[in-house]
1. Name the pairs: first residue in region 98-112 and open to solvent by 80 Å² or more (accessible area, probe 1.4 Å), second residue of a type in the set (D, E, K, R), Cβ to Cβ under 8 Å, at least 6 apart or on different chains?
2. I need the full set of residues from region 30-61 which are among the charged types (D, E, K, R) and in a helix (DSSP H, G or I), in order please.
3. Can you tell me which residues in region 179-235 are aliphatic (A, V, I, L, M) and modelled with pLDDT under 90?
Amino acid sequence: KTEGHRCQGTAQAMSKLPYLVAEINAALEVYLSGRTGQQFNRTAFILCDDCAELASKLFLLRDTPTWSDKRRNKSFKNFNEVTGEVRAVFLAKRAADHSTADTLLKRIKDRRERRNKFFHTTDLLDLTLQPRDCVDAFCDLLDYGKLLFPADWEAEVAAAGNMETCQALIRLDRKAYGDPSVGPKVNDILAKWPRNSPKPKKRGCEVAHHAEDMHLRLAIRNGGRPLRDKLLELL
C-alpha cells in the first residue's frame, strides 16, 4: 500500500512537469519579446529565478511524494533549505551528478541574492541588467531542468509550444559570446524569415513592417520546426 501511494504521488508530481516547462517557455518569450531593446531583462531575470525554485521543489516531490516546502511550524522553507535538500538527494542517489548540480545551484543562488535586492532597495530601481545576465540565467535553468528530470525533460520541451525554438535562440546567444560569427548568422536567418504566416492571398499582395522584436516574435510563433531546425544547425 505504501509503495502504491508512493508511485501515485510520483505520478502526480510528474504530471506537473508540463506546467513548469510551460512557465519556463513563457519566461523565455518575455525575454525574447525585448531581445533587441532589452526592456524586459529584469522581468525575465526574476521569472527565471522563480522557475529555478519551482524546478527544485518539483524534483523533491518526485523523489519523495510526501515532501513539503513547509516546516513543521507551517512556515515556508527558504531557498537555501530547499536547495540543500536537492543537493542531499543527488549526494545520496545520483552521486555522479552531484558536482554538476552543486555548480549550477551556486550560480542560481548568486542570482537569487541579486534578484532579492531588486525588492529591498530603491538603489537598484534604475539598474539595467545586461543581456548576458539573462542569457546565462536561462541557459543554466535549462541545464538544471534537464539534470533534474533526465527521463522526461526533452519530451516536455518538444511538446511545449515554441520552446525548442526559444531554447535554440537563447543557447545561440550564449554561443555568440565565445564565437562572434554566430550572431550575424542568426540575424541573417531571422532577417530572411517571412514576417507573415504562409497563407497566400487570392488577390494582390500584403506587406507588413514590424519592429525587430515583433518580427522575432512572429518568426518564433509561425516558424515552427523549419525555423527551429535552421537555428539548431548553428549549435
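The values are calculated or read from the model by the stated rules, or taken from the named source; none is laboratory data. Since the structure is predicted, the reported quantities are computational estimates derived from the model, not experimental observations. Cβ atoms come from the backbone with ideal geometry, glycine included; neighbour counts cover every protein chain shown. Each accessible area value is taken on the protein alone, full model and side chains, heavy atoms only, with ligands, DNA and RNA left out. Shrake-Rupley method; radii C 1.70, N 1.55, O 1.52, S 1.80 Å.
1. Filtered contacts from region 98-112: Arg107/Asp136; Arg107/Asp140.
2. Correct list: Arg42, Asp49, Asp50, Glu53, Lys57.
3. Passing the criteria: Leu190, Ala191, Val207, Ala208, Ala211, Met214, Leu216, Leu218, Ala219, Ile220.
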